[in-house]
Amino acid sequence: MTEAILVVNAGSSSIKCALHAAQAPHRRIGRAQVERIGGRPAWRSSRTPEAPVPPEAGDHHAALIAWLLGRIERDFAEASIVAAGHRVVHGGRDFTAPVRVTGAVRERLGALVPLAPAHQPHNLAGIAALETARPGLPQVACFDTAFHRTQPRLAQIFALPRALTDEGILRYGFHGVSYEHIADVLPEHLGPCAEGRVIVAHLGHGASMCAMRGRRSVATSMGFTALDGLVMGKRCGAVDPGVVLHLMRDRGMEVGQVEELLGRRSGLLGVSGISDDMRDLLASDAPEAREAVDLFVHRAVREIGALAAALGGLDAIVFTAGIGEHCPPVRAGILEGCRWLGAELDPAANEAGGPRIGTPGSAVAALVIPTDEERVIARHTAAVLAGA
């Protein structure tokens with residue numbers, strides 16, 4: 001029997017789980033997930049094809065996690081789950097490293113729900129559901145914000161009254177677990193240059209960028225919440241705060257309506273009116289789809305320029321996550337916009353998916369590196385339980 005860590009990523013419409021060996025190097029044993037929660041839930045594992053979730057499993061997170069846990073233990077009978085590690089989007093100022101979950105920790109994380117309303121409640125629901133299903137199972141929370149706490153103060157503060165800054169209204173940044181994995185493996189791809197000036201583009205349904213020096217976060221595109229920065233699947237990214245004031249003052253929109261508009265009806269979906277999925281837009285002949293893709297690329301290029309300025313130059317660009325790893329046209333558009341920085345695209349290498357997609361003589365290296373947040377969470381969970 002192999003001791004295993006269950007890695008849980010509970011979202012609004014999906015629950016994704018992975019089993020990793022509890023001992024280093026924490027090899028992956030398997031995966032399982034439930035999708036389309038709130039609609040017609042379906043599930044699958046790396047050993048079982050997709051199938052509808054039976055009605056008796058329930059239709060909410062707590063019941064579905066309990067049911068999925070039973071399926072995982074059945075499908076991967078050779079593994080004995082000894083702990084669980086959770087991706088938690090917001091750790092605020094207090095949580096700068098992974099931590100074992102206690103009642104007090106859960107209460108403090110609950111207070112951060114207003115800062116990540118689309119993610120934090122579901123992350124915490126996953127923790128609560130597992131506590132009910134397996135009382136006494138050690139659980140560890142790993143935070144998307146923690147990686148960015150190395151940023152200098154000027155990169156973290158807004159030009160707001162100091163009292164608000166002191167209360168915690170700061171640029172926190174997100175996708176930190178993904179960035180940590182890329183930082184860990186950069187030396188394998190860049191050698192000594194990994195310690196240089198690197199911009200990592202985590203481009204998926206949620207998208208952000210991180211400027212690294214010495215493989216530590218120097219600046220990032222997301223801010224106080226995960227709404228800021230790049231164009232995303234359904235999120236607007238950076239927007240003039242005056243737009244929010246206009247919508248509320250002149251259009252009579254309530255806070256909840258504005259939140260819905262900016263977080264669930266904007267981004268690629270809002271601009272195209274067609275889909276929030278980059279694959280659908282790239283396959284479409286509609287001019288609205290083309291414009292949405294072009295805006296995504298334009299905002300990415302502009303953000304790279306800002307982050308390169310924060311770094312004082314640029315040695316490498318790394319693409320990761322769903323769009324970054326699997327959409328050659330998007331990578332090509334972004335690198336074309338970065339030619340002024342010295343980035344030169346190798347079209348054939350880009351179509352092949354890399355890992356190197358720049359020309360040999362390019363002044364700025366360009367790479368595609370798959371992210372592996374699950375392994376990072378498994379490693380941290382094992383370390384916390386070992387007292388490291």
Once fully extended, how much extra length lies between residue 2 and residue 265, figured as 0.36 nm per residue of separation less the alpha-carbon to alpha-carbon distance? 90.2 nm
Could you grab the relative contact order for segment 252-387? Cα pairs under 8 Å, six or more apart, rounded to a whole percent. 17 percent
In deg cm²/dmol and to the nearest 500, what is the mean residue ellipticity at 222 nm of the chain if only DSSP H runs of at least 4 residues count, each as -39500 (n - 2.57), divided by the residue total? -11500 deg cm²/dmol
Percent RCO, i.e. relative contact order, over the chain, from Cα pairs under 8 Å lying at least 6 residues apart: 14 percent
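Which FRET efficiency, nearest 0.05, do residue 291 and residue 24 yield, Cβ-Cβ r, R0 35 Å?
Values: r = 48 Å, r/R0 = 1.36.
So, using R0 = 35 Å, E works out to roughly 0.15.
State the extension gain, in nm to one decimal, for the chain segment bounded by residue 94 and residue 36, taking 0.36 nm per residue of separation less the distance between their alpha-carbons.
Working: separation 58, 0.36 × 58 = 20.88 nm, distance 3.32 nm.
That pair, residue 94 and residue 36, stretches by 17.6 nm at full extension.
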For the chain, alpha-carbon Rg relative to the globular expectation (2.2 N^0.38 Å, N residues): 0.99
Not counting ligands, DNA or RNA, and with a 1.4 Å probe, what is residue 50's accessible surface area in Å² rounded to the nearest 10? 100 Å²
Once every Cα of segment 75-139 carries one equal point scatterer and solvent is ignored, give the base-10 log of I(q)/I(0) from the Debye formula at q = 0.14, 0.19, 0.26 Å⁻¹, two decimals. -0.43, -0.74, -1.22
Spread of Cα-to-Cα distances over 10 Å intervals beginning at zero, given as percent, for segment 345-388: 27, 27, 18, 20, 9
When all C-alpha to C-alpha distances in segment 152-311 are sorted into bins of 5 Å, what percent of pairs does each bin hold, rounded to whole numbers? 2, 9, 15, 17, 18, 16, 12, 7, 3, 1, 0, 0
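With a 10 Å radius around each residue's Cβ, average the other Cβ atoms per peptide and rank 263-276, 105-118, 215-228, highest first.
On the way: 263-276: 18.7, 105-118: 16.4, 215-228: 22.5.
For the peptides 263-276, 105-118, 215-228, the packing ranking is 215-228, 263-276, 105-118.
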Report relative contact order for segment 128-203 in percent, whole number only (criteria: Cα-Cα under 8 Å, sequence separation at least 6). 29 percent
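For 372, 280, what's the largest-to-smallest order of accessible area, 1.4 Å probe? The partial results should precede the final answer.
Working: 372 25, 280 80 Å².
Correct descending sequence by accessible area is 280, 372.
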Quick one: accessible surface of residue 16, probe radius 1.4 Å, all protein chains present, in square angstrom to the nearest 10. 90 Å²
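The values are calculated or read from the model by the stated rules, or taken from the named source; none is laboratory data. It should be emphasised that the depicted structure is a prediction, and the values quoted were computed from it without experimental measurement. As a convention, Cβ positions derive from the backbone with ideal geometry for all residues, glycine included, and neighbour counts pool all protein chains shown. Surface accessibility is based on the protein's heavy atoms, side chains included, excluding ligands, DNA and RNA. Shrake-Rupley method; radii C 1.70, N 1.55, O 1.52, S 1.80 Å.
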